[in-house]
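The values are calculated or read from the model by the stated rules, or taken from the named source; none is laboratory data. This is a predicted model, so every value here is computed, not measured. Every residue, glycine as well, gets a Cβ built from its backbone with ideal geometry; the counts of neighbours run over all protein chains shown. Just the protein is used for accessible areas: all its heavy atoms, side chains included, with ligands, DNA and RNA removed. Shrake-Rupley method; radii C 1.70, N 1.55, O 1.52, S 1.80 Å.
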Amino acid sequence: QVQLVESGGGLVQAGGSLTLSCAASGSMFGFNVMGWYRQAPGKQRELVATITSGGSTNYADSVKGRFAISRDNAKNTVYLQMNSLKPEDTAIYYCNADYFDPSMGYDEGWGQGTLVTVSS
C-alpha cells in the first residue's frame, strides 16, 4: 500500500526557516509529480509547490522566492525548504504524490499532514 510519511513541522518565529520532508513508499513504478499543499483554519486547501520526476518546479505566487521544493528520487522523498516565514504561512501542510498502479491505473496519495505555526 502506498504511504506518505511527513516530518519537520513545528513552531518558528516570523522571518525564520523550516524544512519539511515527506517519504513516499509502496509504488512499483516510483512516483511522478510530487508536491505540497496547505490548509489554514477557515480556508480551502491550496497548492504550495510541485516538482516533476525530472525536476521541473512550480510555485504558488504567495511563496515564490521564499520556498524551495526538491526531491530525491532514489529515496522517493520530497522536501520543502521554507524561508522568510510569515504568520500567514501558518497551516497544516500535506504532501502529495502521483503514481501508477497496474490494478487501478493512475492514482495519488496524501500524507497525514504536519502543522507549521509561525509566530509574530
Quiz item: Scanning the stretch 22-46 for residues that are closer than 18 Å to TYR59 by Cβ and in a strand (DSSP E or B), which turns out nearest to the chain's Cα centre (by Cα)?
Solution: TRP36
Exercise. Determine the pairs where a residue that is over 24 Å from LEU115 (Cβ atoms), located within the stretch 21-33, has a partner that is open to solvent by 50 Å² or more (accessible area, probe 1.4 Å) and among the aromatic types (Phe, Trp, Tyr) with Cβ atoms under 6 Å apart, the partner being 6 or more residues away or on another chain.
Key: PHE29/PHE100
Self-check item: Hits in the stretch 46-61 - residues which are closer than 12 Å to PHE31 by Cα and open to solvent by 40 Å² or more (accessible area, probe 1.4 Å)
Solution: THR52, SER53, GLY54
Practice problem: Quickly run through the stretch 32-49 and pick out the residues that are under 12 Å from CYS95 (Cβ atoms), touching a Ser or Thr at 6+ places or on another chain (Cβ under 7 Å) and not aliphatic (A, V, I, L, M). | Solution: GLY35
Quiz item: Could you list, in sequence order, the residues of the stretch 94-120 that are farther than 18 Å from ASN76 by Cβ and at pLDDT 95 or above?
Solution: GLY113, LEU115, VAL116, THR117, VAL118, SER119
Quiz item: Given (1) in contact with a strand residue (DSSP E or B) (Cβ under 6 Å, 6 or more places away or on another chain); (2) more than 29 Å from GLN13 (Cα to Cα), where does LYS75 come up short, assuming only one miss?
Solution: (1)
Quiz prompt | Per-region count, the stretch 15-36, residues under 21 Å from ASN83 (Cα atoms) and open to solvent by 50 Å² or more (accessible area, probe 1.4 Å) | solution = 3
Quiz prompt | Qualifying positions in the stretch 85-111 - part of a loop (DSSP other than H, G, I, E, B), under 15 Å from GLY10 (Cα atoms) and open to solvent by 20 Å² or more (accessible area, probe 1.4 Å) | solution = LYS86, THR90
Quiz item: When residues of the stretch 63-76 are filtered for being within 12 Å of THR52 (Cα to Cα) and β-branched (Val, Ile, Thr), how many remain?
Solution: 1
Quiz item: Can you tell which of LYS64, LYS75 is in a loop (DSSP other than H, G, I, E, B), open to solvent by 20 Å² or more (accessible area, probe 1.4 Å), without any contact (Cβ under 8 Å) to a residue 24 or more places away in the chain and not small (Gly, Ala, Ser)?
Solution: LYS64
